[in-house]
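Comments concern the structure below.
What follows is calculated from the coordinates using simple rules that are stated; it is not laboratory data. Since this is a predicted model, take the numbers as computed values, not measurements. We place every Cβ from the backbone using ideal geometry, glycine too, and count neighbours over all the protein chains shown.
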Amino acid sequence: MWDAVIVGGGPVGQFLALAASAAGRHTLLLEAKPAGAGFTDDRTLALSWSSWLMLQRVGATTDLESAATPIRTIHVSQRGGFGRSELTAGDAGVPALGYVIGYGDVQRALARRVATRDVRYDTPVERIDPADDGVVVHAAGDSVPARCAIVAEGGGPLVEALGFSQREKDYGVHAVVARVRTDREHAHVAFERFAEVGPLALLPRGEGFALVWTLAPDDARAVLALDDRTFLSQLQRAFGWRAGRFIAVAERGAFPLTLRTTEPRVRGPIALVGNAAQTLHPVAGQGLNLGLRDAWLAAKSLPSLERFDRARRLDRTATVHFTDALADVFAADWPGLAWARGVGLATLDVLPAARRMFARTLTIGHLQDPARARRF
Ligand SMILES: Cc1cc2nc3c(=O)[nH]c(=O)nc-3n(C[C@H](O)[C@H](O)[C@H](O)COP(=O)(O)OP(=O)(O)OC[C@H]3O[C@@H](n4cnc5c(N)ncnc54)[C@H](O)[C@@H]3O)c2cc1C
């Protein structure tokens, strides 16, 4: 009998399969789409330093190195207000604050390492029934018995069908994403600028930047419809000149920003990980990183999901609240708040200890110091 069936072969499900195999557990990964379907998805992911170390432990970073762009500095500021802060890799005591990479690159690097006997593609899971000694997973006309099921299906209809209850908070804004170029080299600097309704982030990726621009839904639709020149001039006005002159834009898209959490996320022999358990605002780039930390601990705890749940509760709660608070603080427009944000950013810049703590939170995750992260 399998120690676990993993439902969904996104980055979290595939990483879990590899980490479980490294821990000597026998898992079967069931993925709805055909093999290689995710390789062409060019959405931008920001991997934290601790995620990079975990991917290294399963041998995936050798394939990722040429495609990943390291972030060495994060520049945080707010539009129309004073206060700015710069966080460096040195602040966090790590070689890079994170790495920017395409979803498809991560999927390809992980898929190359998952043993073919441990994965079935084109196999959408329809149902999971509890059984005396675990679960029976029903997919593509087959019934697979296992000690437990770990659902990493990205937050689709299966989660609700399994009886998990989801809470959703709509931030009322959309993220416009695109690849942009400026007339300057990025020098491995990421920018996070807090504009009128939320953050505008530029992440160094390849020769240019990946853009995440938070806008009211109507404004997002309007900027998507602009010709390239007008889009770039509006972006220039919103962001300013810190990264140089915007000269090119490609691959524009938009999606609504929500916070979705599932409580509890373990019910008997079934657990949720990754986006199936929580979808976060991208303000701190924590969504996938939290999912990978979940997967690492789930792999080590198998087949005891209770142990996994206990071990992950604090980091999960802290990451969800940290991200939600950051999204709210930088979106709100209360009197005096711009001033308070300015004081916060200025304080971060002059207090090395505060800056180090913030940098570590972004790179390592909550409640973990770099030394512990290195032991992964
Ligand atoms: C535009 C965009 C930009 C983003 N940018 C960032 C970022 O910069 N940094 C960051 O950390 N995160 C980012 N995210 C979030 C990030 O993409 C997710 O956190 C990550 O993809 C979650 O991985 P996952 O493996 O949990 O789910 P997914 O990547 O959604 O994978 C789920 C997999 O399960 C499969 N599946 C679904 N249903 C079934 C079923 N019934 N049976 C079997 N298989 C099934 C799907 O085919 C898919 O392969 C972004 C998201 C979007 C949409």
Query raised in the report: Given a cut-off of under 8 Å on Cα pairs at least six residues apart, what relative contact order in percent is computed for region 111-221?
Result: 17 percent
**Report entry** Rounded to 5, the percent of DSSP beta bridges in the chain classed as antiparallel
**Finding:** 75 percent
Query raised in the report: Please identify the trypsin sites (Lys or Arg not before Pro) of region 175-216 that satisfy two criteria: DSSP loop assignment and at most 13 other Cβ atoms within 10 Å. Which are they?
Result: Arg184
Query raised in the report: What trypsin sites (Lys or Arg not before Pro) in region 65-150 are in a loop by DSSP, with at most 12 other Cβ atoms within 10 Å of the Cβ?
Result: Arg112
Report summary line: Comparing Gly274, Gly154, Gly244 in a Gaussian network model of the chain (Cα, 10 Å), the one with the largest mean-square fluctuation is Gly244
Requested in this report: May I ask for the Kirkwood hydrodynamic radius of region 215-325, worked out over all distinct Cα pairs and given in angstroms to one decimal?
Outcome: 16.7 Å
Query raised in the report: Using a basic spin-label model with each label point 7 Å from the Cα along Cα→Cβ, how many nm lie between Gln236 and Arg84?
Result: 1.8 nm
**Report entry** Convex hull of region 173-265 built on C-alpha atoms - directionally averaged projected area, nm²
**Finding:** 6.9 nm²
Query raised in the report: Residue by residue, what Karplus-based ³J(HN,Hα) values in Hz, rounded to whole numbers, does region 213-230 have, using 6.51, -1.76 and 1.60 with θ = phi - 60° and x for Gly and Pro?
Result: 10, 7, 9, 4, x, 5, 5, 4, 4, 5, 6, 5, 8, 6, 6, 4, 5, 5
Query raised in the report: Order of Ser143, Ser85 from fewest to most other C-beta atoms within 10 Å?
Result: Ser143, Ser85
Query raised in the report: For labels at Ala131 and Lys169 in the simple 7 Å Cα→Cβ model, what's the distance in nm?
Result: 4.0 nm
Requested in this report: Please return the longest stretch of the chain lacking exposed loop sites, where GluC sites (Glu not before Pro) count only if DSSP places them in a loop and at most 16 other Cβ atoms lie within 10 Å.
Outcome: 208-376
Report summary line: Mean-square fluctuation maximum in Gaussian network of the chain, Cα pairs under 10 Å, restricted to Leu224, Leu29, Leu97, hits Leu224
Report task. Kindly give Rg over Rh for region 45-97, based on alpha-carbon atoms, with the Kirkwood expression for the hydrodynamic radius. Result -> 1.11
Query raised in the report: Taking θ as phi - 60°, what are the ³J(HN,Hα) couplings along region 116-130 by the Karplus curve (6.51, -1.76, 1.60), each to the nearest whole Hz, with x for Gly and Pro?
Result: 4, 6, 9, 9, 10, 8, 6, 10, x, 7, 9, 7, 10, 9, x
Query - Descending semi-axes in whole angstrom, ellipsoid equivalent of the chain, from the Cα gyration tensor - result: 36, 21, 20
